[in-house]
1. Given the options 49, 45, name the one that is buried (at least 18 other Cβ atoms within 10 Å of the Cβ), in contact (Cβ under 8 Å) with a residue 24 or more places away in the chain, more than 15 Å from the ligand (Cβ to nearest atom) and in a helix (DSSP H, G or I).
2. What residue, of 68, 64, is surrounded by 15 or more Cβ atoms within 10 Å (Cβ to Cβ), farther than 23 Å from residue 226 by Cβ and over 16 Å from the mean Cα position of the chain (by Cα)?
3. Please verify whether residue 187 is farther than 30 Å from residue 67 by Cβ, away from the ligand (no atom under 16 Å from the Cβ) and crowded, with 22+ Cβ neighbours inside 10 Å, treating the condition exactly as stated.
4. If you scan the stretch 82-105, which residues turn out to be more than 18 Å from residue 66 (Cβ to Cβ) and either touching a strand residue (DSSP E or B) at 6+ places or on another chain (Cβ under 7 Å) or within 16 Å of the ligand (Cβ to nearest atom) (or both)?
5. Name the single residue, out of those in the stretch 160-184 being in contact with a helix residue (DSSP H, G or I) (Cβ under 6 Å, 6 or more places away or on another chain) and not in a helix (DSSP H, G or I), that is farthest from the ligand (Cβ to nearest atom).
6. Which ones in the stretch 210-234 are within 8 Å of the ligand (Cβ to nearest atom), more than 13 Å from residue 15 (Cα to Cα) and touching a helix residue (DSSP H, G or I) at 6+ places or on another chain (Cβ under 7 Å)?
7. Of 84, 129, which residue is in contact with a helix residue (DSSP H, G or I) (Cβ under 9 Å, 6 or more places away or on another chain) and modelled with pLDDT under 95?
Ligand SMILES: *Cc1c(COP(=O)(O)O)cnc(C)c1O
């Protein structure tokens, strides 16, 4: 067996300690296992040993390969850049899409969800830091997108997601996560809806995200340390 089950349990216990330290309720923050580039056998270990039933993937071909060989009761989260020509496949496989980053994409997901009889949840990705290399709405564009997102009936808008820069210091990270939390409050106010999810925080920065109201942290490398990657699936 790999180290992944051990690392998962360790990560979960660290997360629970941080929740407590931050005054969050125990179990309030979901630990989403990001399984991209990892072999299906290791996901199956986590499924069997730790009862994991949700995984995050960032590429459609790899998600398709894994859904084909792993148990059907797994709930898949799509967390990567989503090309419009992949929307149908992703809507058929994933229950939650974290990385919705344009208005046409929202409209396409809604239309295809209806055609396929699916009710995916989705989050709007926000590029809080303004890095040119990152996808996501700018805070300025977000409210226009929010008006489109709230009108969806098949696809269900559940909140916001962001990725912080990998090299940011702790103060900058805190500011980015705090900004996303405020943007969620503003969307709720503007659209008169409840958005339960804030997907933010990865292996290197999840403690700060939890201190700023994250409800889902997306963790990969901390759990899969030492596991050999698969060759890219096409
Ligand atoms: C890879 C990835 C993660 C996990 O990052 P780690 O640093 O490996 O924990 C989280 N979110 C997204 C969108 C990713 O692509």
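The values are calculated or read from the model by the stated rules, or taken from the named source; none is laboratory data. If you're wondering where the values come from, they're calculated on a predicted model, not measured in any experiment. Note that each Cβ is placed from the backbone with ideal geometry, even for glycine, and that neighbours are counted across all protein chains shown.
1. 45 is the lone residue from the list that is buried (at least 18 other Cβ atoms within 10 Å of the Cβ), in contact (Cβ under 8 Å) with a residue 24 or more places away in the chain, more than 15 Å from the ligand (Cβ to nearest atom) and in a helix (DSSP H, G or I).
2. Values: 68 fails: surrounded by 15 or more Cβ atoms within 10 Å (Cβ to Cβ).
Exactly one of 68, 64 is surrounded by 15 or more Cβ atoms within 10 Å (Cβ to Cβ), farther than 23 Å from residue 226 by Cβ and over 16 Å from the mean Cα position of the chain (by Cα), namely 64.
3. yes
4. Correct list: 83, 100, 101, 105.
5. 160
6. Answer for the stretch 210-234, where residues must be within 8 Å of the ligand (Cβ to nearest atom), more than 13 Å from residue 15 (Cα to Cα) and touching a helix residue (DSSP H, G or I) at 6+ places or on another chain (Cβ under 7 Å): just 224.
7. The conditions single out 129.
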